[in-house]
Every structure is written in C-alpha cells, then in structure tokens.
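Notes follow the structure.
Computed from the coordinates by the stated procedures, all read-outs in this text should not be read as laboratory data. Keep in mind that what you see is a predicted model, and the values were worked out from it rather than measured. Every residue, glycine as well, gets a Cβ built from its backbone with ideal geometry; the counts of neighbours run over all protein chains shown.
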Amino acid sequence: MAGIIEVKDQGKVRIYDADNSNYVDIVVPSTVSANRTITIPDATFTIPTADTVFSASTITGQSAETSVADDDLVVISDTSASGALKKMTKANFVGSTGKLLQVATATMSTEREINSSSFVSSQLTVNITPSASSSKIFIICSGALDTGAADRLGFMTIYRDSTNVGGSGSSGISGNYASGSTRLNTPFGIHVLDSPNTTSQITYGLFVRANNTGTIKVNAESETAHITVMEIAG
C-alpha cells in the first residue's frame, strides 16, 4: 500500500508481541511544535533501553568512538531520574583545571660562552602560545654549566620574554661554584611554574651570568641542554 497512514487526535500505533499478551505503543506528545520525520536506517539494529548494559567496544552492534571531542554530546542513563536518558558534553566528565593542554620542547647542543655579570640568554629558548589566560606554564630545563676556575660562580634562571620568572635578585634560581683552580662542569636541572596571564605567544629561555669577570659555559664540549614547557589548565 503506497501513501501515508494517518493516525489523528494523538492516537497510538500499537504493536503486540508474539502471543499478543503485551504490546508497545508508539505515541507522540500532545503538542508538536513542527512536523517531524523518523527515518529508519538501512541496517539491522535494536533500539536500546535505558538500562541496557553496553560492552566496552560496541553499543547495540555499532562501533564505539575511541575519542571524544570537547563539544561532542554523550548520552547517559540517569538512575536518579528513573533511568531518563540525558545528554552531556566531555566537560561534564573531565575537570576543568589541572589538565595538560599542550607541550613544547627545544634542545641546544652548541657550546655557549657567557662573559657577563648580568643575566644574558644562553640561546636555549622555546615558544608557546597559551590557549587560555588562566593557564599556568610549567618549565623544566636541564643541561650542564661550566664555571671554569678562579673562584667563579655561575647563576641560572628562567626568563619569560624579558621577565625573570625563575627567582628574584641576582642569584636566580640555581648556581654552580668553582673553587680555586678547579674546573667545575656540573649537570643542572631546574623547574619553574609560571602564570603568564596571556594568550599571545611567549618565549621561555635559560639565562645565565657569572659573579665576576670571566667566562662560564653552557654545554661545554657540545653537551645537550633541554627546555620543555607544559600548559596546565588553571
């Protein structure tokens, strides 16, 4: 039979089970704001009930997604509301703070000589553009500092662009000391948690200085230094 079967006055379409002892009614709301169409897909499937137990990899024969975007909708059964199905987004399941949002890293294997009593760039830098102004940036830096001899001190710190974020004063965040004529080439590892309060690109870098006239070296003998920055949701 071609054409349209009409059921008016909020009538029901009733379908009985195999022995006609029970049935399922298909009912529309008392008021519908616009004409709706339910299209049955060209596939064999079963409509799940609210208390259906799903396996880890499939939902009623359909392959499950392995990843969820921030704005994807997820349907769950709310047992506190008689099993009503509710839609939620990824944000409802994942905390808004403390998440690792992105990572950037850089290395330097060239020896860098510093002859300055003020902090200057070691040329080990990395760029990052925070996705939110509330984010924090965690900086990890490692390498080796050669302070030479002659009772020389070498100090290190981390700069964000032109701002020293590693430590206040001239001592920075870390230092190495060579006593007398003894050469000291020591590995270092420093870390800083910064709050840049921006969504513009920023540059983090290792800055070093000597306590007096003389040369200190980063990556003496072409060792490798590393700097890694991680954006953490604030």
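Brief remarks on what is shown
- Placed amide H near LEU124: partners under 5 Å, 5+ positions off or other chain: LEU206
- Gain on full stretching of the segment that runs from THR79 to ALA106 - 0.36 nm per residue minus C-alpha separation: 4.8 nm
- Sorting 137-148, 187-198 by average packing, meaning the other beta carbons within 10 Å per residue, from highest down gives 137-148, 187-198.
- Couplings 3J(HN,Hα) of the range 134-143, computed from phi: 7, 5, 10, 10, 9, 10, 10, 9, 9, x Hz, in residue order, whole Hz [Karplus 6.51 cos²θ - 1.76 cosθ + 1.60, θ = phi - 60°; x for Gly and Pro].
- Phi to ³J(HN,Hα) by Karplus 6.51 cos²θ - 1.76 cosθ + 1.60 over the range 5-18, Hz, x for Gly, Pro: 9, 9, 10, 9, 6, 6, x, 10, 9, 10, 10, 8, 7, 4
- Ordered by the number of other Cβ atoms lying within 10 Å of each residue's own Cβ, fewest first, LYS8, LYS99 fall into the sequence LYS8, LYS99.
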